[in-house]
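Data block below; observations after.
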Amino acid sequence: MTIASFVAFTWGLYLAVAAWRVRGHGRRAAATLLAGAFGLVVALGAILHVAGVESGRGLALLGAVTAALAFGWSLSAGMRAETADLARRGLLFVVGLGVVALLVAGCAGPARLPGADPARGIDEPSGITRRGDELVIVGDDDPEIVFLPASTPRASVALVPIRPDRLRRTRLPFAGASDLEGVAELADGRLVALSEDSRALWDEHGLVARFADESLAETGGRGLEGLAVRARPDGSSRIAILWEGGYLDYTGADCDSAHLPRIVVHDLAPGARDVELGPEAALLDVRLHPPLLPGREPFAQRFRGADLTWIELPDGRDGFLVLLSSGAARQPPAGDAAECPLPDPSGNPRRWCHKWLLRFDESGLPVGDPLDLDTRIPADLAYENWEGLGWWEPKRRVVLCYDAPWRPDDPVPPILFLELPAEWTQR
């Protein structure tokens, strides 16, 4: 609970109790009863806000303003009352004005997680971007935006640990802000997180935009996984979201056929809030066509998209840099053409084989060769489920994260800084 929410709740409850004890008739009694009634409104608004209901702050503000005015009325109606009584009422009136000021200033905004929890890391990091000298990260199981100070490493490949004692956090205490898969900064400066569950963008004040296209809903464990934003000259934000595709993750005939990853692009006006983005408003809706690997489905390796970012292609066109991960719906027979050529820790062919960075144009076709992460990352991280991709230095260096669960007895998953080979980016 924030300080302002606590003060508002306590003040509102006191008003209600004081009004309940009022005896007599006249304007003074009526004004006190009115202040008490709206004191209950203040207390209710504070409770709703702490519970994550965005309208709670407005309700508390309305109650505080009305209660303060009612106390002002009671003061004017009781000019002949005892000095001590008037002083007490005047003090409550001043406190009421203070509560109003706190609420207006936004101090009752979304609660911040306590800073006195240095041991807590990030549970299953899934989205990452840069803002100034900080990395901004979201996780599958954490309804919050997490900030980690960072600087450019000297090495072309570097692992930076997520030190829990250096993290700061902003809660997203809203029912729909769950299963966060991506994070980005809008052109107007707001940080938004992409929820796979609600197909929506959320910031610390609530819903920003919802993607109304039902075909983007999570199906068989496959849903919205990536978010990328570019600022437009008019101050709007061009938003790209990635539906991951791949084999569906449940038992049934549908699992035997892989689905292509899909990118949908919308524009969002500066300051927009609580808007619906339907399929008719999409600027681009395209399926990606990554290379088909050998073998027949469901044994063949097929790619799903884990995250994306905008990129300028070698010929100057706009395109996408996509983090791809391949897997098979079923383990192929020994010696089958679909077998992964890479071994897992036990020496058997991997079921989840390749992790690539690959560029695509706006028609969904690949551009150039894939960058195989297995040739770039430390060998002990080759089996991790890499989920987040963002720019640290545009056109030169990216940051990636993987979604290992956080456990107190294990090291916190590191962030990978990867410098893109110049010869790769130019062809």
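The values are calculated or read from the model by the stated rules, or taken from the named source; none is laboratory data. Nothing here was measured: the structure is a model prediction, and the numbers come from that model. Methodologically, a virtual Cβ is constructed for each residue, glycine included, from the backbone with ideal geometry; neighbour enumeration extends over all protein chains shown. Protein only, heavy atoms only, side chains kept; ligands, DNA and RNA dropped before computing areas. Shrake-Rupley method; radii C 1.70, N 1.55, O 1.52, S 1.80 Å.
Listed values, structure above:
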quantity	calculated
Val322 being touching a residue at least 60 places away in the same chain (Cβ under 8 Å) and within 25 Å of Arg296 (Cα to Cα)	yes
Every pair of residues 6+ apart whose Cβ atoms lie under 8 Å, when the first sits in the stretch 181-202 and is on the phi > 0 side of the Ramachandran plot while the second is among the hydrophobic types (A, V, I, L, M, F, W, C) and not in a loop (DSSP other than H, G, I, E, B)	Arg199/Phe211; Arg199/Leu216; Arg199/Leu224
Single residue of the stretch 320-346 satisfying the filter (of a type outside the set (Gly, Ala, Ser) and buried (at least 19 other Cβ atoms within 10 Å of the Cβ)) that is farthest from Asp380 (Cα to Cα)	Phe320
Failed item, numbered, when Ser237 is tested on (1) open to solvent by 10 Å² or more (accessible area, probe 1.4 Å); (2) closer than 26 Å to Arg304 by Cβ; (3) at pLDDT 95 or above	(1)
Enumeration of residues in the stretch 139-177 that are in contact (Cβ under 8 Å) with a residue 40 or more places away in the chain, under 20 Å from Leu416 (Cβ atoms), open to solvent by less than 20 Å² (accessible area, probe 1.4 Å) and not aliphatic (A, V, I, L, M)	Gly139
Single residue of the stretch 188-221 satisfying the filter (touching a Pro at 6+ places or on another chain (Cβ under 6 Å) and within 16 Å of Asp267 (Cα to Cα)) that is least open to solvent (accessible area, probe 1.4 Å)	Asp213
